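Here the structure is laid out as structure tokens; the discussion comes afterwards.
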Amino acid sequence: MKVLIIQQKMIGDVLATSILFEAIKHKYPNSELHYVINSHTHPVVEGNPYIDKFHFFTSEYEKSKIKLYKFAKALQKENYDAVIDVYSIFSSNLISLISKSKIKISKYKWYTSYIYTHTFKEAKTPKTNAGLAIENRLQLLEPLGIDTTQIVKPKIYLTDSEKNKAREILESNNIQLNQPLFMIGVLGSGITKTYPFEYMAKVIDEIVIAQPKSQILFNYIPKQEEDAKTILEMCLPETKKKIYFNVFGENLRNFLGLTSHCTALIGNEGGATNMAKALNIPTFTIFSPWIKKEAWNMFDDNKQNVSVHLKDFKPKHFLDKPSKELKENWKSLYKVFNPVLLKTSLQKFLKYI
């Protein structure tokens, strides 16, 4: 069996969808599995033993319909037995449409359902602590005769060399690996998914108060450096002494290596949180008020993986409110999400780990 799985979009999505490869290989060990992803997301699935071949979707295909069509035609020549289109957008619809596959699977959208032989409506309520992001992906495997109740957890595969290099970086910066080391997701992927700077600073202060021997790393990318510095300056003087601001992942694999040595990752919900979970690193996640927690609080157990959402504390703000309205009011909702609300949960998490 030869299968193509298409998952464009963000790093967290690409990582979550990688579970399909493991599930298929367990059922069909001799299957050949290909993955279409955006080129910049490759590092998160690099070295995955269940993926046989990658096809990279680039910005050129987004800008040119002609180049997109040629890309789709090249994939058509692979003669896949099945195509699984996870996100279902125009480009993946086109790839699925012109493929020669007898089985075409995707989530249900009324205006594209004619393209596929099997479609599934996404569940709204999770059945397990795996969360909707995992459960809704697994149901796409039903047409292949795979038991979708068998939960598979995303995994990241680092080499010994990558882990050792990260260890050397930490030790060369006088970080003691026998003491608590926390990676802080200080910034979200956008301002509407970023806990207010002054609130994040207070969260970091609380970590140091609860764990006086804490060593703190910031997760940020070069273009976010000024914002990260702003949060640093808002921290208490004693907290600043614990922050190794210049120790950060210069690329995604380097970040993963550093995170693999951390006691926990704490901060904004996003790809970094999902990657930490895939490395079996404990996480404390702060969700944006307009993001549906049930979708991405993967494998929360209120011990090793904990998530907090404004709805947990102030449910009245969410009564009969559509997601569009919540997103439009993200700023006022974040203002209500004072760090005092999550203090008890954070302290409990820090004691557990």
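In summary, strands (runs of 3 or more DSSP E) completely within the range 60-145 and bearing 1 or more residues that are in contact with a Pro (Cβ under 9 Å, 6 or more places away or on another chain) and surrounded by fewer than 20 Cβ atoms within 10 Å (Cβ to Cβ) occur at 103-107, 118-120. A search for C-beta distances below 8 Å between a residue of the range 113-125 that is under 9 Å from residue 136 (Cα atoms) and any residue that is among the basic types (Lys, Arg), counting only pairs 6+ apart in sequence or on different chains, returns 120/107; 121/107; 122/107.
Taking the numbered list (1) more than 17 Å from the chain's Cα centre (by Cα); (2) open to solvent by 10 Å² or more (accessible area, probe 1.4 Å); (3) over 18 Å from residue 100 (Cα atoms) in turn, residue 9 passes all entries but (1).
Does the range 34-43 contain any residue that is closer than 22 Å to residue 104 by Cα and out of contact with any strand residue (DSSP E or B) (no Cβ under 9 Å at 6 or more places or on another chain)? So far as the range 34-43 goes, no, none of its residues is closer than 22 Å to residue 104 by Cα and out of contact with any strand residue (DSSP E or B) (no Cβ under 9 Å at 6 or more places or on another chain).
Scanning the range 192-209 for residues that are over 22 Å from the mean Cα position of the chain (by Cα) and not in a helix (DSSP H, G or I) turns up nothing. For the range 1-21, how many residues meet the condition of being under 12 Å from residue 36 (Cβ atoms) and outside any helix (DSSP H, G or I)? Residues meeting the conditions: 7.
To keep it simple, each residue is scored yes or no on (1) within 16 Å of the chain's Cα centre (by Cα); (2) over 23 Å from residue 123 (Cα atoms).
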| position | (1), (2) |
| --- | --- |
| 241 | no, yes |
| 250 | no, yes |
| 267 | yes, yes |
| 280 | yes, yes |
| 283 | yes, yes |
| 293 | yes, no |
| 302 | no, no |
| 326 | no, no |
| 330 | no, yes |
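When you check residue 35 against the structure, is it within 30 Å of residue 258 (Cα to Cα) and hydroxyl-bearing (Ser, Thr, Tyr), yes or no? When the stated conditions are applied, residue 35 passes them. Within the range 163-206, the only residue that satisfies the criterion of being among the basic types (Lys, Arg) and under 14 Å from residue 334 (Cα atoms) is 193. Across the range 259-274, the number of residues qualifying as outside any loop (DSSP other than H, G, I, E, B), of a type in the set (Gly, Ala, Ser) and under 24 Å from residue 152 (Cα atoms) comes to 3.
Conditions (1) of a type in the set (A, V, I, L, M); (2) at pLDDT 95 or above, marked per residue:
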{"site": "20", "(1), (2)": "yes, yes"}
{"site": "26", "(1), (2)": "no, yes"}
{"site": "33", "(1), (2)": "yes, yes"}
{"site": "48", "(1), (2)": "no, yes"}
{"site": "51", "(1), (2)": "yes, yes"}
{"site": "62", "(1), (2)": "no, no"}
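No other residue among 106, 96, 101 is of a type in the set (Gly, Ala, Ser), under 22 Å from residue 295 (Cβ atoms) and at pLDDT 95 or above apart from 106. Scanning the range 233-258 for residues that are within 23 Å of residue 166 (Cα to Cα) and part of a helix (DSSP H, G or I) returns 240, 252, 253, 254, 255, 256, 257, 258.
When the range 146-177 is filtered for residues that are part of a helix (DSSP H, G or I), over 22 Å from residue 49 (Cβ atoms) and in contact (Cβ under 8 Å) with a residue 60 or more places away in the chain, the ones remaining, listed by number, are 167, 169, 170.
Of the residues making up the range 315-353, those that are at pLDDT below 95, out of contact with any Phe, Trp or Tyr (no Cβ under 6 Å at 6 or more places or on another chain), open to solvent by less than 70 Å² (accessible area, probe 1.4 Å) and among the aliphatic types (A, V, I, L, M) number 1.
Checked against the criterion of being under 19 Å from residue 80 (Cβ atoms) and in contact (Cβ under 8 Å) with a residue 40 or more places away in the chain, the candidates 132, 97, 141 yield just one match: 141.
The values are calculated or read from the model by the stated rules, or taken from the named source; none is laboratory data. Bear in mind that the values here come from a model prediction, so they are computed numbers and not experimental data. In this analysis, Cβ positions are derived from the backbone assuming ideal geometry, glycine residues included, and neighbour counts consider all displayed protein chains. Side chains included, ligands, DNA and RNA excluded: accessible areas come from the protein's heavy atoms. Shrake-Rupley method; radii C 1.70, N 1.55, O 1.52, S 1.80 Å.
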